[in-house]
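Okay, so here's the structure we're looking at.
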Amino acid sequence: MATIRGGSRHGVVLEDGSLHCEYYDSRRCGSCTIIETPYHQQVAHKRARVAALLEPLAPDLRWLPGVESRPTAFRTKAKMVVAGTVDAPTIGILDAHGEGQDLRECPLYPPALAAAFPHLAAFVTRARLEPYSVPHRRGELKHVLVTLAPDGDLMVRWVLRSTEALSRIRKHLPWLVAQLPQLSVASVNVQSEHKAILEGERETVLTDRDTLTMTVNGFDLHVRPQSFFQTNTDVAASLYRQAAAWIDEAAPAHLWDLYCGVGGFALHTAASGRPVTGVEASAQAVASARRTRDDRLAAGDTAMEHVSFVTDDAVAWAVRQADAAQAVVVNPPRRGLGEELSRWLDGSGASTVIYSSCNPDTLARDVAWMPSFVAREARLFDMFPHTTHGEVAVVLARH
Ligand SMILES: C[S@@+](CC[C@H](N)C(=O)[O-])C[C@H]1O[C@@H](n2cnc3c(N)ncnc32)[C@H](O)[C@@H]1O
């Protein structure tokens with residue numbers, strides 16, 4: 001019998017760091033595919049997988065010890081499917097038949113986030129929000145997306161098939177806020193297609209506040225409903241600190257942060273006298289990044305004096321520049337940088353590239369398109385325990 005190290009709602013952490021979860025054991029959820037593997041081994045396997053992909057390109061790559069996560073209560077973002085009926089909604093996932101499986105006690109969520117689920121389920125009934133049925137293509141409410149800030153504030157987004165239920169959500173929102181006083185940002189997103197897409201383009205903010213403040217390493221990052229933000233805030237904080245340490249070591253005169261989101265890497269790597277340019281496709285994320293910079297400037301942080309943010313496609317913007325900055329941080333979506341940007345960086349004057357990737361396959365492919373660089377040091381940041389996913393950051397330097 002394995003020794004128990006700690007407990008959390010429906011899950012129990014065993015002595016070997018693996019997680020014993022009632023939802024997994026009863027086959028109601030199979031999302032955590034490597035949950036039975038001892039935690040240190042999970043991290044070692046993920047690192048070995050990335051190492052195997054990078055090895056042919058970088059036989060002397062140095063690996064720093066992997067940054068491990070808490071084994072439970074680490075997900076600060078919940079993407080829950082709503083199903084069932086108005087009077088008995090489920091909040092969780094869909095099974096193979098498209099029926100809802102309720103996972104509101106999932107041990108991956110911090111208690112402050114999970115505590116919102118019963119109120120959100122009661123809200124479905126109160127506001128008569130008919131859960132969308134995938135098999136019958138009927139209903140309105142598809143997902144509820146919840147983000148927890150380090151200060152305990154919550155952002156809640158309802159993803160609807162149409163705006164039919166919008167007025168009822170508005171009407172009953174004060175009741176929900178009375179149950180959940182920490183609910184500071186609420187919005188509705190419309191995703192009308194019958195497709196496995198999480199959210200659509202149209203967003204209506206229902207609260208006075210339209211940003212959640214995620215304080216990371218002392219930086220107040222302002223996340224709007226549709227802005228990207230890392231799922232595991234504690235591990236993201238380590239990733240930004242590592243990038244800042246690598247950049248301090250390289251001491252570049254000028255730096256770019258491509259795919260900068262709300263500015264995490266750019267703000268952490270700024271230093272007095274060093275121009276930093278962040279580039280991001282989302283205008284909303286850029287507005288948030290500028291707000292953090294401006295607030296810090298107003299508070300006398302001179303490192304922010306030469307930090308700027310541009311709304312543009314990272315590839316189109318980069319290749320229009322006469323040359324790259326001396327150091328470039330890239331943190332693209334799963335599809336990676338692609339051939340054009342990788343080859344352009346390879347031929348540019350950049351001497352260091354820090355590549356933070358959530359997809360080892362596109363990372364290895366892109367590095368192969370940069371033959372003038374060699375991967376020198378890497379570190380795994382385990383944002384997603386119990387799954388095969390991980391974030392890896394690699395320092396590429398000239399041969
Ligand atoms: C993995 S996230 C990284 C965000 C940020 N670096 C962070 O740490 O939160 C990728 C970001 O790339 C942005 N993005 C996607 N396609 C883009 C493109 N073609 N050009 C610029 N930014 C893009 C997304 O909006 C998202 O903010």
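The figures follow:
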quantity	calculated
Hits in region 166-186 (condition: of a type in the set (Ser, Thr, Tyr) and more than 20 Å from Pro150 (Cα to Cα))	Ser167
Evaluation of Cys106 against (1) surrounded by 20 or more Cβ atoms within 10 Å (Cβ to Cβ); (2) closer than 16 Å to Leu160 by Cβ; (3) hydrophobic (A, V, I, L, M, F, W, C) (one fails), failing number	(2)
Matching strands (runs of 3 or more DSSP E) fully within region 212-279 where at least 1 residues are of a type in the set (Ser, Thr, Tyr)	212-216
Options Ala287, Ala281, Ala316: the member that is under 23 Å from Gly218 (Cβ atoms) and open to solvent by 20 Å² or more (accessible area, probe 1.4 Å)	Ala287
Pairs, first touching a residue at least 24 places away in the same chain (Cβ under 8 Å) in region 111-125, second open to solvent by less than 10 Å² (accessible area, probe 1.4 Å) and assigned to a helix (DSSP H, G or I), C-beta under 7 Å, six or more apart	His119/Leu176; Phe123/Leu176
Top-ranked residue in region 266-278 [being within 12 Å of Phe309 (Cα to Cα) and open to solvent by 10 Å² or more (accessible area, probe 1.4 Å); ranked as farthest from the ligand (Cβ to nearest atom)]	Pro275
Single residue of Ala289, Ala285, Ala316 found to be part of a helix (DSSP H, G or I), within 12 Å of the ligand (Cβ to nearest atom) and either without any contact (Cβ under 8 Å) to a residue 24 or more places away in the chain or not small (Gly, Ala, Ser) (or both)	Ala316
Asp361 vs. criteria within 16 Å of the ligand (Cβ to nearest atom) and either closer than 30 Å to Gly30 by Cα or out of contact with any helix residue (DSSP H, G or I) (no Cβ under 9 Å at 6 or more places or on another chain) (or both)	yes
Qualifying position, being open to solvent by less than 50 Å² (accessible area, probe 1.4 Å), within 25 Å of Thr311 (Cα to Cα) and at pLDDT 95 or above, among Val235, Val185, Val205	Val185
Yes/no for Arg126 being charged (D, E, K, R), surrounded by fewer than 18 Cβ atoms within 10 Å (Cβ to Cβ) and in contact with a helix residue (DSSP H, G or I) (Cβ under 6 Å, 6 or more places away or on another chain)	yes
Residue within region 79-93 that is assigned to a loop (DSSP other than H, G, I, E, B), of a type outside the set (A, V, I, L, M) and open to solvent by 20 Å² or more (accessible area, probe 1.4 Å) present	yes
Check on Glu377, more than 21 Å from the chain's Cα centre (by Cα), of a type in the set (D, E, K, R), within 12 Å of the ligand (Cβ to nearest atom) and not in a loop (DSSP other than H, G, I, E, B)	no
Flag if Val310 is in contact (Cβ under 8 Å) with a residue 24 or more places away in the chain, farther than 28 Å from Leu64 by Cβ, of a type in the set (A, V, I, L, M) and assigned by TED's automatic domain parsing to the domain that holds His254	yes
Of all residues in region 325-337 being in contact with a helix residue (DSSP H, G or I) (Cβ under 9 Å, 6 or more places away or on another chain) and open to solvent by less than 20 Å² (accessible area, probe 1.4 Å), the one that is nearest to the ligand (Cβ to nearest atom)	Pro332
Every residue from region 149-180 that is open to solvent by 10 Å² or more (accessible area, probe 1.4 Å) and in a strand (DSSP E or B)	Arg157
Filter result (more than 29 Å from Gly152 (Cβ to Cβ) and part of a strand (DSSP E or B)) within region 48-78	Arg62, Trp63
Matching residues, region 284-329, being under 23 Å from Arg343 (Cα atoms) and aliphatic (A, V, I, L, M)	Val310, Ala314, Val315, Ala316, Ala318, Val319, Ala322, Ala324, Ala325, Ala327, Val328, Val329
Ala165 vs. criteria of a type in the set (Gly, Ala, Ser) and touching an Asp or Glu at 6+ places or on another chain (Cβ under 6 Å)	yes
Residues within region 319-334 that are in contact (Cβ under 8 Å) with a residue 24 or more places away in the chain and either of a type in the set (Lys, Arg) or assigned to a loop (DSSP other than H, G, I, E, B) (or both), tallied	8
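The values are calculated or read from the model by the stated rules, or taken from the named source; none is laboratory data. No experiment lies behind these values; they were computed from the predicted model shown. Counting neighbours? That spans all protein chains shown, and the Cβs are built from the backbone with ideal geometry, glycine included. Just so you know, the surface numbers come from the protein's heavy atoms only, side chains and all, with ligands and any DNA or RNA stripped out. Shrake-Rupley method; radii C 1.70, N 1.55, O 1.52, S 1.80 Å.
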